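To keep things clear, I will list the structure first and then write my remarks on it.
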Ligand SMILES: Nc1ncnc2c1ncn2[C@@H]1O[C@H](COP(=O)(O)OP(=O)(O)OP(=O)(O)O)[C@@H](O)[C@H]1O
């Protein structure tokens, strides 16, 4: 019999998951999984719970929570051999991972999609010692996101939350001089921000890296060169429609390995969380984890040209 381990954050999404747990267990058991659950107790607990689940040779890990929890589960799995498959049940306030895999945001609907058992091996990003699934980046603008209270974040939704960020940023819209090496080539310029994207579901901007394919071994590297405020606002609005890549202020390429160096202090943002300071060495781990995905996801990915 196959064995599944659910790792869930009891505090995420107004504690919604706990109420559904008996029904979730019932559906997994009915689908032929002997299923047990671990409720996380604090920050970092999902990392060790995932590590243990790999050691105990579960066939499937189910991460239930927001992006923070899922990122921890990936940290716990990524370094190990014989990794189980990974399924995601979105319960948090930001669910970019789940959106990227087209997993529905209702718990039981997500379970049903998981139990359809469609899998895909997908790339995982690594920067320094951190793993990421969606995006990593840096720039004065991304640093600002830590200052926006999470309540505001929920109320305004992601896009508005970045726009609020822009408003707060007005007095300090300053470029940073960087040197970026990507697959043996060089970019050397003053930039507003750079983004290393694995998926195309990024902070509510679904079209920031519209051609990001999640199983091709490449990141989409998007760099916004130095702009003035008017240009910045114009490009941000183009980005909401995925029409920014041809703009002369935007540098866009695909790359497997990226090294970013700067003389200034620059904070990294990894899947929406603070991830240490640059320099950073980004590596795309080709088809590193096998995910349970939806039919929609497979159709969307297959439409993107490699
Ligand atoms: N029992 C717990 N008590 C407090 N914090 C916890 C607990 N279990 C996990 N955490 C931490 O809570 C963080 C945020 O949780 P998670 O991402 O699941 O949900 P969220 O806050 O609702 O959504 P999001 O992070 O997507 O905005 C996780 O990174 C994790 O470190």
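The values are calculated or read from the model by the stated rules, or taken from the named source; none is laboratory data. Everything numeric in this text was worked out from a predicted model, so none of it was measured. Neighbour counts run over all protein chains shown; Cβ positions are idealised from the backbone, glycine included.
Does residue 47 count as at pLDDT 95 or above and farther than 22 Å from residue 109 by Cβ? Yes, satisfied.
Could you say whether any residue in the range 277-295 is more than 17 Å from residue 199 (Cα to Cα) and within 16 Å of the ligand (Cβ to nearest atom)? Step through it out loud before you land on a result.
If we filter the range 277-295 for residues that are more than 17 Å from residue 199 (Cα to Cα), which is where we start, we get 277-281.
Next, from what is left, pick out any that are within 16 Å of the ligand (Cβ to nearest atom): none.
No, the range 277-295 contains no residue that is more than 17 Å from residue 199 (Cα to Cα) and within 16 Å of the ligand (Cβ to nearest atom).
Does residue 139 qualify as being in contact with a strand residue (DSSP E or B) (Cβ under 6 Å, 6 or more places away or on another chain), farther than 21 Å from residue 6 by Cβ, at pLDDT 95 or above and crowded, with 18+ Cβ neighbours inside 10 Å? Considered against the rule, which asks whether it is in contact with a strand residue (DSSP E or B) (Cβ under 6 Å, 6 or more places away or on another chain), farther than 21 Å from residue 6 by Cβ, at pLDDT 95 or above and crowded, with 18+ Cβ neighbours inside 10 Å, residue 139 comes out as no.
Scanning the range 3-19 for residues that are in a helix (DSSP H, G or I) and either away from the ligand (no atom under 13 Å from the Cβ) or out of contact with any strand residue (DSSP E or B) (no Cβ under 9 Å at 6 or more places or on another chain) (or both) turns up 16, 19. Of all residues in the range 274-299, those satisfying the criterion of being more than 20 Å from residue 83 (Cβ to Cβ) and surrounded by fewer than 17 Cβ atoms within 10 Å (Cβ to Cβ) are 274, 276, 277, 279, 281, 295, 296, 298, 299.
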